[in-house]
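Bear in mind these aren't lab numbers, they're just calculated from the coordinates by the rules spelled out. Being a predicted model, the structure only gives us computed values, none of them experimental. Here Cβ is always computed from backbone atoms with ideal geometry, including for glycine, and neighbour counts include all displayed protein chains.
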2 protein chains.
Amino acid sequence: MNKLLIVGTVAYDAIETPFGKTDKILGGAATYIGLSASHFNVKSAIVSVVGDDFSQEYLDLLSSRNIDISGIEIVKEGKTFFWSGLYHNDLNSRDTLDTQLNVLADFNPIVPEDFKDSDVIMLGNLHPNIQIGVLDQLTSKPKLVVLDTMNFWMDCALEELKQVLKRVDVLTINDEEARQLSGEYSLVKAAEIIHTMGPKFVVIKKGEHGALLFNNDQVFFAPALPLKEVFDPTGAGDTFAGGFSGYLAQQGNVSFNNMKNAIIHGSNLASFCVEKFGTQRMESLEKEEVNARLQQFKMLTQFDIELAQ
Amino acid sequence: MNKLLIVGTVAYDAIETPFGKTDKILGGAATYIGLSASHFNVKSAIVSVVGDDFSQEYLDLLSSRNIDISGIEIVKEGKTFFWSGLYHNDLNSRDTLDTQLNVLADFNPIVPEDFKDSDVIMLGNLHPNIQIGVLDQLTSKPKLVVLDTMNFWMDCALEELKQVLKRVDVLTINDEEARQLSGEYSLVKAAEIIHTMGPKFVVIKKGEHGALLFNNDQVFFAPALPLKEVFDPTGAGDTFAGGFSGYLAQQGNVSFNNMKNAIIHGSNLASFCVEKFGTQRMESLEKEEVNARLQQFKMLTQFDIELAQ
């Protein structure tokens, strides 16, 4: 079984949407990535940090999904990273109400010995220096390094971000961030520029408008599944990344054609994530539901056209 | 050969985009629909009205595409409908600078005798009463009636719009308009509501984010082709409608599966329209280019996935 190493936040979130609000619930990029990737046959581990205020129940949840949590440091008398956000009526934009870095401020990631030779590395959104710190601990070259980031690091750690990008195979990024990083409005041109920064593959996430995969002249597009109700978008991008990297780790095949399938698996899993608050939907998600919705994705996108006469 | 009846404006446009500006050039919904539909084996006619200031050269262009123009009334001493618009930097929004209805104010559409038994009717964006006036002249029930409209008629002629919708098979509409017409934010719910107003098929156009086709529980999605340069979005929606209705008229098959192909053909043709100012790109478009780009659409969207183990 191939190994997937996940690096990212494990956190408490407090979320408010037009449909309700939560107290502190389980959140964090690595959490969503891990839950999503657990739908594939991979041996996975999370490298992260929490405080000793973090609920054992949540750690048990991750373990129950066969995720190795020995790389999640628990800081004594530390407080877990906390994020609070308010979504606007259209759910496409949000305000951050509060960010408390807490134990994340001094996070020094330690990769478990058994995962230093992982096949796929999924670097969730974190300071680029932490992402570099993880890559430096690897003892063999992985098949694939996937990196997620955000505009915040472009604003305040651009040089470090550029350094880590040189060591990355796939960058996942949203459309606005792709424009900011490249200085190009056209996403086709933006991907071209980002290719020159290192990543051979660029995945541009457009939220409810789907995702694009670029590999030089090759392009693939997957829509988001049109849903009657979107309840809470938190974690959708990380769930996408978890499905993408989890599938690729399982298959051990990083061809462009296989990456198309990975994009579909990621989009499929993300379509569930938004149906309930936080990780709730992903915790209860069954294989049969995943497969049924994959069929929906086929119906949604596949056609059989003959060339015009 | 099946017959396609096109009703809509034939106009002068003046366009300004971040890349340049034009004087009065050929425009109008029926113009774009006709040029696009001429890529299929159909016998088509345009019903419209112009003033005697309208260039014979433009009429000849339409005729040269085998479009019957006997239904384009030329009003003596009348002035042709004129629209002028300014696109913003992202090309996703525009300001209307000037609208002069001119001869359109008293437009009384007359369907040529030979097209009163058309197979497909494509009603371009016009006052709903004009659209009804065309349907009333038909002598046999068409295979398919397609209607395009806009928010302006929802604001000032909603009851008339609801009357014509009862007689329509396919409504093409953009996302914001679908929300306005239905009162629902979710496009899935919006399509459900619009189904109850008459149209069995609802096509929701999302511009650069592609198009959705709804038929009760069936959904299909086609992306817009990611382009390096978008030069002028004018006419893209009408070009889409022309490809959609032209293909369906050619095939004479209005099944959901065939309508998927029609959506792809429409999206494909629209991807050319935006590459130059006005109708310029559509005037020079060759069959080989169309076919090559259809292959690109296949590469962009088709995948071969096995269900998760």
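Things to note:
- Using θ = phi - 60° and Karplus 6.51 cos²θ - 1.76 cosθ + 1.60, couplings along region A:72-88 (whole Hz; Gly, Pro as x): 8, 6, 10, 8, 4, 6, x, 10, 6, 3, 10, 10, 10, x, 10, 8, 7
- Computed across region B:19-85, the Kirkwood hydrodynamic radius from all distinct Cα-Cα pairs reaches 12.8 Å.
- Arranged from fewest to most other beta-carbon atoms within 10 Å of their beta carbon, A:Glu159, A:Glu177 become A:Glu159, A:Glu177.
- Across the options A:Ser93, B:Ile193, A:Gly266, the greatest Cα extent toward the positive end of the charge dipole of the protein assembly as shown (unit charges at beta carbon of Lys, Arg, Asp, Glu) belongs to A:Gly266.
- Ranked for footprinting exposure by Cβ neighbours inside 10 Å, fewest first, A:Tyr12, A:Tyr58 give A:Tyr58, A:Tyr12.
- Each Lys and Arg contributes +1 and each Asp and Glu -1, all at the Cβ; summed about the Cα centre of region B:44-144, the dipole is approximately 300 debye.
- Modelled FRET efficiency - R0 41 Å, A:Glu176 with B:Lys162, Cβ distances, 0.05 increments: 0.60
- Cα-based Rg of region A:1-42 normalised by 2.2 N^0.38 Å, two decimals: 1.47
- Only DSSP H runs of four or more residues enter the estimate; each adds -39500 (n - 2.57), and after division by the residues of chain A the mean residue ellipticity at 222 nm equals -10500 deg cm²/dmol.
- Shape of region B:208-309, Cα gyration tensor, a/c cut at 1.5: prolate
- Projected onto planes of every orientation and averaged, the convex hull of the alpha-carbon atoms in region A:252-309 covers 5.8 nm².
- 7 Å along Cα→Cβ, label-point gaps from A:Glu286 to other copies, nm, shortest first: 5.7
- Evaluating kT/(6 pi eta Rh) at 4 °C and 1.567 mPa s, with the Kirkwood radius of the protein assembly as shown over Cα pairs in the Stokes-Einstein relation, gives 50 µm² s⁻¹.
- The eigenvalues of the Cα gyration tensor, multiplied by 5 and square-rooted, give region B:151-292 an equivalent ellipsoid with semi-axes of 26, 17, 14 Å from largest to smallest.
- Note on A:Met154 and B:Asn108: their simple-model spin labels are 5.8 nm apart, each label 7 Å out from Cα toward Cβ.
- By the count of other C-beta atoms within 10 Å, a proxy for reagent exposure, B:Ser267, B:Ser64 are ordered fewest to most as B:Ser64, B:Ser267.
- Cα centre as origin, Lys/Arg/Asp/Glu Cβ charges: the protein assembly as shown dipole, Debye: 1200 debye
- The alpha carbons of region A:99-174 give a radius of gyration and a Dmax of 12.5, 36 Å, in that order.
- Whether region A:3-301 is rounded, prolate or oblate, judged on the alpha carbon gyration tensor where a/c under 1.5 counts as rounded: rounded
- Rounded to 5, the percent of DSSP beta bridges in chain A classed as antiparallel: 40 percent
- Label separation (A:Lys21 vs B:Met1): 6.6 nm, computed from points 7 Å beyond Cα along the C-beta direction.
- Bridge type composition, the protein assembly as shown - antiparallel percent by DSSP, nearest 5: 40 percent
- Sorted peptide list for A:135-141, B:288-294, B:45-51, criterion being average Cβ within 10 angstrom, highest first: B:45-51, B:288-294, A:135-141
- Amide H within-cut-off set for A:Ser48, under 5 Å, with H built and near neighbours excluded: A:Ile72, A:Glu73
- Rounded to the nearest Hz, the phi-derived 3J(HN,Hα) couplings of region B:25-40 under the Karplus curve 6.51 cos²θ - 1.76 cosθ + 1.60 (θ = phi - 60°) are 10, 5, x, x, 4, 5, 4, 5, 4, x, 4, 5, 5, 5, 7, 10, where x marks glycine and proline.
- DSSP-loop trypsin sites (Lys or Arg not before Pro) across region A:109-186, with at most 10 other Cβ within 10 angstrom: A:Lys166
- Against the empirical 2.2 N^0.38 Å (N residues), region A:8-164 has a Cα radius of gyration ratio of 1.06.
- Label geometry 7 Å along the beta-carbon vector: A:Ser186 inter-copy distances in nm: 3.7
- Projecting 7 Å from Cα along the Cα-to-Cβ direction, the label point of A:Ser55 sits 7.0 nm from its equivalents in the other copies, listed shortest first.
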